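Have a look at the structure below, then the notes.
No value in this document is a laboratory result; all are computed from the given coordinates. These numbers come from a predicted model, not from an experiment. All Cβ positions, even for glycine, are placed from backbone atoms using ideal geometry, and neighbour counts span all protein chains on display.
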Amino acid sequence: MQSTFKATLEYAQTQDHLDVLHSFRERFLFPQHNGKNTVYFCGNSLGLQSNAVKYLMDCELADWAKYGVEGHFEARSPWFSYHQQFSENLAKIVGAHKDEVVVMNTLTVNLHLLLLSFYRPKNGRYKIIMEAGAFPSDQYAIETQVRMYGYNPDDAIIEIAPRAGEHLIAEEDIQKAIADAGDSLAVVLFGGVNYYTGQLFDMKAICQAAHQVGAYCGFDLAHAVGNVPMQLHDWDVDFACWCSYKYLNSGPGAVGGAYVHERHGNNPDVFRLAGWWGNDESTRFKMKKGFIPQKGAASWQMSNAPIFNMVAHRASLDLFAKAGMKALREKSVRMTAYLEFLLLQLSHLSFTIITPKETEKRGAQLSLLFDARGRELFKALTDNGVIADWREPNVIRIAPVPMYNNFEDCYRFYEILANI
Ligand SMILES: *Cc1c(COP(=O)(O)O)cnc(C)c1O
């Protein structure tokens with residue numbers, strides 16, 4: 001791949017011409033800089049708004065005005081079953097059966113709810129394995145879950161860190177830690193893609209190792225969903241959750257999602273905190289005692305669906321269905337490699353790309369670690385119309401998103417950086 005790349009605008013534009021997904025870009029609203037689209041490389045933090053969102057939002061406002069409460073059944077997309085329209089598209093994105101996914105709450109809330117079902121320490125099986133340097137919200141969630149059962153986080157949480165002097169976690173270290181923890185291990189909870197380094201983990205292998213010692217395995221897919229193809233069901237993953245405002249472009253704080261393997265989702269004996277929306281639909285309105293979970297991940301729902309918070313998600317998943325994860329991934333692999341190629345031409349700047357070089361170990365993100373003056377450089381990028389992401393202490397994360405970025409964006413980024 002690399003050998004055919006060229007660091008010219010003409011080459012980049014030719015690639016965009018050949019890109020089967022190029023027309024998707026026109027559906028998105030880019031922040032402007034001096035009257036031009038910014039180079040928006042921050043879709044791993046907040047994805048862009050598609051132009052269908054405003055129209056769909058207006059439809060819901062109009063239906064609410066027109067029908068009031070009757071909108072639950074009379075609206076163009078009835079609110080009673082609104083959440084159900086996501087299942088098919090979402091199932092394809094994460095590689096699950098329709099009943100195994102549900103759209104609800106937000107990421108950290110879903111993580112807590114799923115841990116309440118899958119982290120049930122007993123008989124000396126109480127430990128959790130996670131990646132060191134996980135996103136803070138995940139760290140806090142697990143710390144407090146462990147405390148809730150009276151354990152000391154220093155003892156109950158096993159963090160797997162990169163080896164001294166390295167940035168990435170060795171897969172064999174994960175395997176070894178799981179085997180070593182053995183029957184003291186209750187849950188393995190990993191990110192699918194690490195938010196800081198962009199490392200994509202071998203979820204299938206991690207899950208197998210966890211099951212081998214009798215532990216459950218779950219994933220936080222915040223940086224994986226809509227970014228890399230997955231097969232959660234076939235990999236036998238027990239549970240997972242994600243947010244939808246990063247690669248899934250569903251707007252700030254938008255509704256999150258969860259996956260539960262059908263072997264648990266269809267088992268009414270698996271403990272779950274209940275609310276009326278998770279109850280069997282046929283008895284939901286009978287107002288009787290006794291929770292009867294419906295089938296699948298949907299039984300973890302508590303409240304009725306927050307419609308306005310779901311509108312952009314609907315617009316987004318329609319686009320994912322049209323584009324398809326396969327085509328998105330193919331473009332992503334190529335475009336990320338092109339951006340990497342361009343960056344490697346910039347020998348006058350002192351940074352290291354800490355994201356894995358192998359395409360099968362990364363998604364759409366490159367993390368650039370600076371020796372010094374990274375902050376200054378980041379500011380210069382911003383002043384020149386690049387929207388990227390700064391992470392303490394000295395990393396700039398850039399994400400060429402296949403849904404709306406193009407090869408020309410990569411070239412413009414390179415040109416701006418070369419002239420700083
Ligand atoms: C973005 C992100 C979150 C954010 O959690 P919210 O509950 O949506 O605020 C949590 N964990 C990871 C790994 C993330 O990347």
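Highest mobility in the GNM of the chain, judged by mean-square fluctuation with C-alpha springs under 10 Å and restricted to 192, 253, 71, is found for 71. Distance between the 7 Å Cα→Cβ label points at residue 371 and residue 420: 1.6 nm.
Among the listed pairs 98/286; 66/288; 66/289; 357/379; 331/361, a Cα-Cα separation exceeding 23 Å is found for 98/286; 66/288; 66/289; 357/379.
Around the amide H of residue 222, modelled in the peptide plane, lie the amide H atoms of 192, 243, all under 5 Å away and 5 or more residues distant in sequence or on another chain.
Zone of residue 122 (label point 7 Å along Cα→Cβ, backbone N under 15 Å): which residues in region 264-298? Answer for this model: 269-272.
Cα centroids of region 74-100 and region 398-419: 34 Å apart. Each Lys and Arg Cβ is given +1 and each Asp and Glu Cβ -1; about its Cα centre, region 272-420 then shows a dipole of about 920 debye. Based on alpha-carbon atoms, the Kirkwood radius and the radius of gyration of region 77-321 give Rg/Rh equal to 0.96. Note on residue 84 and residue 159: their simple-model spin labels are 4.5 nm apart, each label 7 Å out from Cα toward Cβ.
A simple rule links phi to the HN-Hα coupling: the Karplus curve 6.51 cos²θ - 1.76 cosθ + 1.60 with θ = phi - 60°, which for region 360-377 gives 6, 10, 8, x, 8, 10, 10, 10, 9, 9, 9, 6, 8, 6, x, 4, 4, 5 Hz, with x for Gly and Pro. Size of region 80-169 from its Cα atoms: along the principal axes, largest to smallest, the extents are 47, 35, 22 Å.
What ranking of 314, 125 emerges when the number of other C-beta atoms within 10 Å of each C-beta is taken as an exposure proxy, fewest first?
Listed from fewest to most nearby Cβ atoms, that is 125, 314.
Of the beta bridges in the chain, as assigned by DSSP with both residues counted there, near 60 percent are antiparallel.
Cysteines in the chain that lack a partner Cβ within the 4.7 Å cut-off: 42, 59, 241, 243, 410.
Quick one, what does Rg over Rh come out to for region 296-420 if you take C-alpha atoms and the Kirkwood Rh? Please list the in-between numbers first.
Details: Rg = 17.9 Å, Rh = 16.7 Å.
Reported Rg/Rh, Kirkwood definition of Rh: 1.08.
Note on the chain: Cα-Cα pairs beyond 41 Å make up 18% of the total pair count. By the helix-only formula, in which each DSSP H run with n ≥ 4 contributes -39500 (n - 2.57) and the sum is divided by residues, the chain has a 222 nm mean residue ellipticity of -10500 deg cm²/dmol. Note on the chain: with a GNM built from Cα contacts shorter than 10 Å, the maximum mean-square fluctuation among 93, 398, 160 falls on 160. Report the Stokes-Einstein translational diffusion coefficient (µm² s⁻¹, integer) for region 1-151, Rh taken as the Kirkwood radius over Cα pairs, at 4 °C with viscosity 1.567 mPa s. Answer, rounded: 62 µm²/s. With coordinates expressed along the principal axes, the C-alpha atoms belonging to region 102-243 extend over 38, 38, 29 Å, beginning with the largest.
Taking only the alpha-carbon positions of region 296-370 and ignoring solvent, what does the Debye formula give for the base-10 log of I(q)/I(0) at q = 0.15, 0.16, 0.20 Å⁻¹? Calculated log10 I(q)/I(0) at the listed q: -0.74, -0.78, -0.91.
Can you tell me how much longer the chain between residue 348 and residue 62 gets when fully stretched, taken as 0.36 nm per residue apart minus their C-alpha distance, in nm with one decimal?
Difference between extended and current length: 97.3 nm.
Using a simple spin-label model with pseudo-atoms 7 Å out from Cα toward Cβ, residue 231 and residue 27 lie 2.7 nm apart. Here residue 127 is the anchor, and the lysines within straight C-alpha reach of less than 18 Å, apart from those fewer than 8 places off in the same chain, are 176.
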